[in-house]
Protein chains: 4
Amino acid sequence: MAGNTFGSIFSVTTFGESHGPGLGAVIDGCPPGVPLDRALIQRDLDRRRPGQSAATTSRSEADQVEILSGVFEGLTTGTPIGLLIRNEDHRSGAYDHLREIFRPGHADLGFFLKFGLRDHRGGGRSSGRETVARVAAGAVARAVLAGFGATVRGFTVQVGGIRAEKFLPDTAEGNPLRCPDPDAAEAMLALILECKEEGDSVGGMVEVRAEGVPAGMGEPVFDKLDAAIAGALMGIGGVKGVELGVGFAAAAMRGSRYSDPFEPGPPVRSRHNRAGGTLGGISTGESVVARIAVKPTSSIAREQETVNLKGERTTVKIGGRHDPCLCPRIVPVAEAMLCLVLCDHLLRQRAQTGSAGPLGKV
Amino acid sequence: MAGNTFGSIFSVTTFGESHGPGLGAVIDGCPPGVPLDRALIQRDLDRRRPGQSAATTSRSEADQVEILSGVFEGLTTGTPIGLLIRNEDHRSGAYDHLREIFRPGHADLGFFLKFGLRDHRGGGRSSGRETVARVAAGAVARAVLAGFGATVRGFTVQVGGIRAEKFLPDTAEGNPLRCPDPDAAEAMLALILECKEEGDSVGGMVEVRAEGVPAGMGEPVFDKLDAAIAGALMGIGGVKGVELGVGFAAAAMRGSRYSDPFEPGPPVRSRHNRAGGTLGGISTGESVVARIAVKPTSSIAREQETVNLKGERTTVKIGGRHDPCLCPRIVPVAEAMLCLVLCDHLLRQRAQTGSAGPLGKV
Amino acid sequence: MAGNTFGSIFSVTTFGESHGPGLGAVIDGCPPGVPLDRALIQRDLDRRRPGQSAATTSRSEADQVEILSGVFEGLTTGTPIGLLIRNEDHRSGAYDHLREIFRPGHADLGFFLKFGLRDHRGGGRSSGRETVARVAAGAVARAVLAGFGATVRGFTVQVGGIRAEKFLPDTAEGNPLRCPDPDAAEAMLALILECKEEGDSVGGMVEVRAEGVPAGMGEPVFDKLDAAIAGALMGIGGVKGVELGVGFAAAAMRGSRYSDPFEPGPPVRSRHNRAGGTLGGISTGESVVARIAVKPTSSIAREQETVNLKGERTTVKIGGRHDPCLCPRIVPVAEAMLCLVLCDHLLRQRAQTGSAGPLGKV
Amino acid sequence: MAGNTFGSIFSVTTFGESHGPGLGAVIDGCPPGVPLDRALIQRDLDRRRPGQSAATTSRSEADQVEILSGVFEGLTTGTPIGLLIRNEDHRSGAYDHLREIFRPGHADLGFFLKFGLRDHRGGGRSSGRETVARVAAGAVARAVLAGFGATVRGFTVQVGGIRAEKFLPDTAEGNPLRCPDPDAAEAMLALILECKEEGDSVGGMVEVRAEGVPAGMGEPVFDKLDAAIAGALMGIGGVKGVELGVGFAAAAMRGSRYSDPFEPGPPVRSRHNRAGGTLGGISTGESVVARIAVKPTSSIAREQETVNLKGERTTVKIGGRHDPCLCPRIVPVAEAMLCLVLCDHLLRQRAQTGSAGPLGKV
């Protein structure tokens, strides 16, 4: 199967380009009877929307979602949910000079090598704008998860060299960074504005956490929950690394230090949750914690060396409007992907075992 | 679909437990006419086999593979390739005391929560022994890739705090660590033996690299090549993080620093390959480079606090035979997974575009 | 996966209900560079459109398709093709009395048992109107097939007891039945109008044929080409049987009679094509011929006994507007499904063997 | 995905050739805790085994199944169930003369065109012997279905021109035809023996029925239960047509005659079950009834015109050992396929709705 469908039971197929008529998603396999309306989806779309602060691109999109099918009298019917978001502010002209040029670090070259042609306007399908469909679909998954008591939240935890030191999750949506440490958030914003002024960009790190995740989710040996999360998050444009629990720090640790004794329950819990919510790739009911490394935006307002369609050396200075740091807007996208993974695995677990929760009790 | 099938065109389904009659794989969708025999598969199995050095477990398994189908007169026929590896040295008795106990950091609890019962003997399906089937299948994928000029190699690049500083790939198979830096290899081995003596274990990092990868592979937006690699590698037991190219280091970088100008070709190349072989999740023909963080083996010969099946507090000291550091034996497993990803994506690319190489030429 | 996606490489996901905002399809995996525009899709939609003759329902729908994505400057880009057809003439009020009632022979009961709720307006997702999305997607598949020299046509070959005796394919689109026998067509039309006048309906049979199909398509043992065709056609509402080649007549034949000698080529051909274009479930390059049995429309303008939502006995006389015979409008739908099967299998064959035609030459 | 995996949740992957080391199946997604042992699988294999009566081939195979994984202490564990059946009586020499020749009506040509090479020994993967793996897997599905109260039985209902007129299901396994009409069974056997003596073969019809099927199963619009059944049954070698309920007879009926009023329940039932157990492609809880047309065995002991690998005209007289009528041995295969479809759809229904039975109650 081509790569625009995600999930095997709760499955989402997305479509649309940055500068075409619109973007959308079709969600198949959604349980029937789930309360769902436009506002619920719009809420997440609004969090992803550009132009919300000085830290983001000035492209202005209303990103109003239309529900085309699958919802009747306020409830999902179990049939496919069609979602459509029309594009509005597409200044395609700004991209005319890119028709013959590959932007370094962008998907331009990849798409051209793969398909032999490409929609150069804003990156076409490779634009970060495709994530609008992910977020819309993720909002539906979030609604399903809510019925099982699971919630997902994301945070910017690093920008450049600045890390969040405190974890005050309820403060995160109060700053443009979505950082759980208000002090760090200020420093991060200052750094981003500095980069913006210099025509530069900066990388960072985003953490997503799920609470209330039922135990038993994850499909060894290839579709373990952590594997599915890693694949889902790495597929977001700009992400260069994924880790769960202690992550890369584990490489330097000894077993006696990593050791994470079980505490009696019910439910049984590991003392430190070093694994980040899974054991053997199966959720244990503990917090699922993943972090992603986000590269600095490739589109910078400086002249860069590159090649053109004939393979000749040239330079490019990228116009258009871009985020100086991707993290704040990746937060809702990463949340969406985690929601999609969890929702699909919840239904997969229910398929095989008849239960959307732990079968073994301890 | 349950989680024991990997790949959508070149698809591998594995089965088997640590202490059952055997393990195996069925490969469906393999191109016809590929030269294949037992020896070719055995070669990779032998690299994974336990008991090869002081750095690995003393469990002794011949791991002889039998080809059950799909090969006729030395060539693949295009029909499913059935592979079987019988278990031999399974001292199940060594696991009797674990029938009622969950080992901290192991999949025991995960499997019990998911299925309500478990095969406690050596972890059953959750044992690292399941990777024998991955390696066997990976060898077939490697044979297919060879026909397209692509090769895959893996290396231990870190053990505890010791990192490989040199990259002499041809020396790697000459030391028990599979480390491309012979000096570092010695220090790593000393550290591992020290851990073993202390009944401890240690984590590390493994790097896998593919050369000669055709451009154009990867299926945006959800099955990008880097996403598929991340999912495939994170699904190996003990892996806690995956990164491609500069990986987590990107989080601290500015765009002007990360910037990776294209050099004229043909073929066009990025100057530093910071992305690790893909752009927009599509291979560019450059080296594909991924690294994984491997946690220290959870089975250590020390008493650990835990709980039993009734949820009561108890302690466990794990017998059985275990690797003090997983890295050397994860190398062929990680290679196998990368081979499987590349082979599947190569066929997917060929399906849609008719070409197993770049469609756009530059 | 839920059931609204068809195909594994050229994959189509449809959505939409009879009386919602619209219906649509997302096609993923379409080869890049295929010439495609709105008119090409509209042509097939127009053939399916209601209200074209006295033999069909008087519901009037313009069924104008909008291409939302995946086509750039007249060529497919290889990214998902989003298609949308808005509903216009939905007189939902005509269905108000069905909110509490199950119509005999309809999907009403099935959907209610499955999902616990249903959109009663015109059958919601179970309406024959969902086939508009199939036809739109099928037109894209047809465009791809054209590039490989394959064509698909369908015909009404039986209505009630009247069978087509002649096969003059080029006359078929010239009569409202799409019958290849103009004389039979007249008799069929007379029978249909008689049924309509009596508030009755009538069954029939549709034949679909593909010419120029490349050899080698079909995936034994479970996804043989004939199996895929059977599944695809049986999934059209109202179809109760499918046969290929001699079909059910084979049950009464002896092997010496069925025997179908090969004639020397190239290409080799069977003398009678009794199998209907496949051997071992793999296309041989001969005409693919399938026939489907279509039941009489369940919605008839007579009072029928039934039950209501409380399970109590009641009667129903179905208003709304319905086709007295489904065959003429099923023709383009059956063509679409055959196009989808062939297109997907062509790409699957190309994936595994690198060729979209016969690998073995004889 | 290639075609050797069946089912999306309860998924079965088979492998093996007629004259290779053995055949087998891997079942992934089986619910945990299902009682399963070798004897239960062997029972169905024995019903399919050749050499049971004068009506079948004299090839003698013990067809003893080995369970390689997925069962622990008498219960399924939820992990993949590996099954292996070794080949024993493969007189490959009998096929040497077929290395260069295509047998008319066989898959030989199909496989050669597809793969460019073929295992000519007994048809290799295209042999009817592949169904041994279907039957073994079907027995596991049958065990799962038993837990939900569903049962599946098959019958030969026609051989040549002789039809079963009575339906005494409990007598069927008492005659070599598996015919529910003992008188017809005698006439059928006589016909088969006559054909055998004349070096000829004969076609027939097989009916499969499922009772106790939970309502709500089937995934519109593409994977309706009847569509899935049609695809599953048409994929059995030798099947040329499939029908459900009244089937092809519907083509000649009027709506007023076909009309099938609902009877009050609970549960609500249609008076005549004309649809064969589904409405809108969703099970209603009524008997699921399907019939397949089986062609006469292509391998007959008479000289037939054909071509060789060079495409030249020649003749072939097929040795080997073959069934003069496929029906009796197709019965357990068709049952197996129906079990697989039902089991998979039961789990799919459970995935989406949380229930393995009707969600709407009436």
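Summary table below
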item: Summed residue charge, Cβ within 10 Å of A:ARG153's Cβ, Lys/Arg positive, Asp/Glu negative; result: -3
item: Cut-off 13 Å between beta-carbons: net charge of the residues surrounding D:ALA137, Lys and Arg +1, Asp and Glu -1; result: -2
item: Cα-Cα P(r), the range D:15-76, percent of pairs per 5 Å interval; result: 4, 14, 21, 23, 16, 10, 8, 3, 0
item: Helix axis angle, D:225-234 relative to chain D longest principal axis, alpha carbon, degrees; result: 10
item: Rounded accessible area per residue of the range A:4-146, 1.4 Å, Å²; result: 26
item: Shortest-first nm distances, C:PRO267 label point to equivalent points in other copies (7 Å, Cα→Cβ); result: 3.3, 4.6, 5.7
item: Other protein chain Cβ atoms within 10 Å, averaged over every residue that makes up C:266-279; result: 4
item: Counted charge near D:CYS195, where neighbours are those whose Cβ lies closer than 14 Å (Asp, Glu -1; Lys, Arg +1); result: 0
item: From the C-alpha gyration tensor of the range B:203-362, square roots of 5λ in Å; result: 38, 18, 13
item: Rg/Rg_globular for the range A:138-194, with Rg_globular taken as 2.2 N^0.38 Å and Rg from C-alpha atoms; result: 1.34
item: Electrostatic dipole magnitude of the range A:5-353 [Cβ: Lys, Arg +1; Asp, Glu -1; Cα centre; debye, to 20]; result: 560
item: DSSP bridge orientation in chain D - percent antiparallel, rounded to nearest 5; result: 100
item: Radius of gyration and maximum dimension Dmax of the protein assembly as shown, Cα, Å; result: 30.9, 94
item: Across the identical copies, how the A:LYS310 labels are spaced - nm, sorted shortest first, 7 Å along Cα→Cβ; result: 5.4, 8.2, 8.3
item: Total accessible surface hidden between D and C, rounded to 100 Å², 1.4 Å probe; result: 8500
item: Of all chain A residues, the one whose C-beta is nearest the axis that brings A onto B, in angstrom; result: A:GLY231, 1
item: Inter-chain shielding of D:32-41 (mean C-beta neighbours from other protein chains, 10 Å cut-off); result: 2
item: Tail fraction, Cα-Cα pairs, the range D:169-282, threshold 21 Å, whole percent; result: 55
item: FRET efficiency for A:ASP183 and A:GLU88, using Cβ-Cβ distance with R0 set to 30 Å, rounded to 0.05; result: 0.20
item: Helix-only [θ]222 nm of the protein assembly as shown, DSSP H runs n ≥ 4, -39500 (n - 2.57) each, per residue, nearest 500; result: -8000 deg cm²/dmol
item: Lysines with Cα under 17 Å of B:LYS224, excluding same-chain neighbours fewer than 8 positions away; result: A:LYS114, A:LYS240, A:LYS295
item: Shape call, the range B:1-128: gyration tensor on alpha carbons, a/c limit 1.5; result: oblate
item: Overall Cα dimensions of the range C:242-284 - principal axes, largest extent first, Å; result: 32, 23, 13
item: Spin-label pair A:ARG313/A:LYS166, simplified geometry with 7 Å Cα→Cβ offset, distance in nm; result: 5.2
item: Label zone at D:ASP96, where the point sits 7 Å out along the Cα-to-Cβ direction: the range D:113-134 residues whose backbone N lies under 19 Å; result: D:119-124
item: D:SER18 accessible area, 1.4 Å probe, all protein chains in place, Å² to nearest 10; result: 0
item: In the range B:4-91, trypsin sites (Lys or Arg not before Pro) in a DSSP loop with at most 12 other beta-carbon atoms within 10 Å; result: none
item: Cα-derived Rg to Rh of chain B, Kirkwood definition; result: 0.98
item: Cα-based helix-to-principal-axis angle, A:38-48 vs chain A, degrees rounded to 10; result: 60
item: Carbon/sulfur fraction of accessible area - the range D:5-353, other protein chains in place, 1.4 Å, %; result: 51
item: Label 7 Å beyond Cα on the Cβ vector: C:THR151 copy-to-copy distances, nm; result: 5.2, 5.4, 6.3
item: Long-range tail of P(r) for the range B:270-362 (Cα pairs > 18 Å, %); result: 66
item: Candidates B:THR314, B:THR77, B:THR156, ranked by Gaussian network fluctuation over chain B, Cα under 10 Å, top entry; result: B:THR314
item: Rounded FRET efficiency, nearest 0.05, which uses the C-beta distance separating A:ALA146 from A:ALA301 and R0 of 35 Å; result: 0.25
item: Cα centre as origin, Lys/Arg/Asp/Glu Cβ charges: the protein assembly as shown dipole, Debye; result: 0
item: GNM top mover of C:ALA252, C:ALA351, C:ALA293 - chain C, alpha-carbon springs below 10 Å; result: C:ALA252
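The values are calculated or read from the model by the stated rules, or taken from the named source; none is laboratory data. Everything numeric here is computed off the predicted structure, so don't read it as measured data. A quick note on method: Cβ atoms are made from the backbone with ideal geometry, for glycine too, and the neighbour counts reach across all protein chains shown. Protein only, heavy atoms only, side chains kept; ligands, DNA and RNA dropped before computing areas. Shrake-Rupley method; radii C 1.70, N 1.55, O 1.52, S 1.80 Å.
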